[in-house]
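Below is one structure, written out as structure tokens; comments come after it.
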Amino acid sequence: MEEVELAIIKGKIVKGVAALISRTFIIQVITQIANLVLLALLSQYEYGIYWIVIAIISFLSYFSDIGLAAALIQKKEDPTRQDLVTAFTIQQILVGIIVIFTFVYTPSLSSFFHLTQDTEFVIRAFIISFFLSSLKTIPSVILERKLDFTKLILPQIFETAAFYLVTIILALSNFGVASFAWAAVVRGIVGLVAIYLINPWPIGIGISRKSIRHLLTFGIPFQLNSCLALIKDDLMTLFLGRILSFSRVHFIPPTVACAKAPNICEIGYIGVAKRNAEISLKLVMDNVIRVTFPVYSRLQKDMEILGKAVQKSLTFLALLIIPSNIILAIYIKPIMHLIPKYAKWEPTLFSFYFFSFSSVMSSFSTPLFNALNAIGKVKTTLILMIFWTTLTWILYPIFVYFYGYNGVSMAAFVISFTAIIPVFIMKKFVQFSVISSLYKPVIISFITALPAFILMKLSQDLLLVIFSLALTFGIYTLLVWLWMGEDVRPYLPHQLAGLPKFFKRNK
């Protein structure tokens, strides 16, 4: 690969990560503030319904793509108009079948989980949002192929803001779980309009045999991985909705609604604990993966450069995710105690700590899994997914039976130790050092944790907690700048990267 092309790709990686992190920081700020409000407004039962509906829609959405979008991104040559039209047509045929099926069988889904009639409306609203979202696939793929993440992230900001604004307004008006339903429809409309304004794509209908053959060669094995991820995660959530009532641990319902459907409330606890533990993953890892998949695909001709890119990715993830999870684990309990409306979520803390550890482990295995897919090793990743899915379906029910809803996080904790497997597999194809990637971020994280723990003990009110968090962040930033300044400076905006020279010049 030529030096000029490498320089262009590196520039796009840096700009892509910077754009995604900065703009998704906006999304995460909106999301976290909205979630803080909703956690106070909505009950455990309403959150439980929300997680089950999300799992149902995720399960159905698997059948809407068959890996065509990933195949278009991974393709070495630029996809033709014929490729794009074929992928769009096949996707819309599948989406149409799913939408009709769901509308017809919504009462059966609701009855299976012993949900109320209001939930049927929620499921149908989310399926409409799912249809609108499918229309965004091709314009999004085109931007992702160009590594133009600056434009790609804008529709997400608009739709996220719209979703949570509508949800909060309706929740304040006592719409309950229906707040999510109307918000999902608004999100779908806003996101669709935004992506076509930013990157118009002339919709076409047609199927090319040549395009199908090429796209499905990569798409089907890739989608089998997605299928297993679906069975491992979303289908398991639906299964838990049925088996939690058989646990040996007696669940004490905190509300009348929970007394009628305790399994739904327990799903709410699991969902909230998992979401809180994965805040840093959503902010950092999801964005890094979104950038690195098309980039790794472009670098697959030069394994030496790819190895360096993988190592940089691991360092970057460790530098942000490990300290974030440690600091959150230290401060989450006092924050819950200081805000009375969050006290109802205290039963999630035990699960949160276990989920937090497993999320740190997955932050290192997932990028390597992603890199294997990017270089075309989809059969290898398929075997890995079969292994993880089998472990999940064996351990989750056992732990749930003995430990109730907390057993889910305990099982995830045990499974997370297998995250080391992708490291050994990836090393067969590229050279990189895990120890070199991790040792500095790990040491910095634990040094930061000590003052964070002391400051937390001294914080007696919410204002002091906020001050302690700001001070902890300042200590962490200083340590990173002093010890890893040379590593992080190339990936900072040029204004920040030039600060050391500025200070040296003005001494």
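Every number here is computed from the coordinates shown, using simple stated rules; none is lab data. What you are looking at is a predicted structure, and each value in this text was computed from that prediction instead of being measured. Glycine gets a Cβ as well: all are built from the backbone with ideal geometry, and neighbour counts include every protein chain shown.
Over the range 233-500, the alpha carbon radius of gyration divided by the compact-protein estimate 2.2 N^0.38 Å works out to 1.12.
In this structure, Tyr196 and Arg124 have a Cβ-Cβ separation that, at R0 = 22 Å, corresponds to a calculated FRET efficiency of about 0.35. Enumerate the residues in the range 358-395 having an amide nitrogen under 20 Å from the point lying 7 Å beyond the Cα of Tyr439 toward its Cβ. Flagged as within label range: 364.
What relative contact order, as a whole-number percentage, does the range 233-500 give when Cα pairs under 8 Å and 6 or more residues apart are counted? Don't skip to the answer; put the middle values down first.
Numbers: 258 pairs, mean separation 71.1, N = 268.
Over the range 233-500, the number comes to 27 percent.
By the rule of a C-alpha distance below 14 Å, with chain neighbours fewer than 8 residues away ignored, the aspartates and glutamates paired with Lys428 are Glu304.
May I ask which of Lys151/Lys333; Lys379/Lys427; Lys312/Lys379 have a Cα-Cα span longer than 28 Å here?
On the way: Lys151/Lys333 38 Å; Lys379/Lys427 16 Å; Lys312/Lys379 25 Å.
Where the Cα-Cα span goes over 28 Å, the pairs concerned are Lys151/Lys333.
For the pair Ala470 and Asp302, label points projected 7 Å from Cα toward Cβ lie 4.5 nm apart.
Sequence-ordered 3J(HN,Hα) estimates for the range 126-136 from the Karplus curve with 6.51, -1.76 and 1.60 and θ = phi - 60° stand at 5, 6, 5, 4, 4, 4, 4, 5, 5, 6, 8 Hz, glycine and proline given as x. For the range 285-415, the relative contact order is 30 percent, taking Cα pairs closer than 8 Å that sit 6 or more residues apart in sequence and dividing their mean separation by the residue count. From the alpha carbon centroid of the range 81-132 to that of the range 162-190 is 19 Å.
Length gained on full extension, Leu462 to Ile189: 94.5 nm, using 0.36 nm per residue less the C-alpha separation.
Across the range 336-342, rounded Karplus estimates of 3J(HN,Hα) from the backbone phi angles (6.51 cos²θ - 1.76 cosθ + 1.60, θ = phi - 60°) give 4, 6, 7, 10, x, 5, 8 Hz, Gly and Pro being marked x.
Each residue of the range 157-163 was assigned a 3J(HN,Hα) from its phi angle through the Karplus curve 6.51 cos²θ - 1.76 cosθ + 1.60 (θ = phi - 60°); the sequence is 5, 5, 6, 5, 4, 5, 4 Hz, with glycine and proline shown as x. Ordering Tyr401, Tyr296 by the number of other Cβ atoms within 10 Å of each residue's own Cβ, fewest first, gives Tyr401, Tyr296.
The ranking of Arg275, Arg213, Arg242, Arg187 from fewest to most other beta carbons within 10 Å of each one's beta carbon is Arg213, Arg242, Arg275, Arg187.
Report the calculated FRET efficiency for Ile447 and Trp393 (r = Cβ-Cβ distance, R0 = 56 Å), to the nearest 0.05.
0.90
What FRET efficiency, computed as 1/(1 + (r/R0)^6) with R0 = 56 Å and r the Cβ-Cβ distance, is obtained for Ile454 and Arg213, rounded to the nearest 0.05? The value I calculate is 0.35.
Here the spin labels are modelled as points 7 Å beyond Cα on the Cα-Cβ line, and at Phe429 and Gln82 they lie 2.8 nm apart. Note on Ala343 and Phe112: the model spin-label points, each 7 Å out from Cα along the C-beta direction, lie 3.9 nm apart. In terms of other Cβ atoms within 10 Å, Val122, Val272, Val104, Val488 run from fewest to most in the order Val104, Val488, Val272, Val122.
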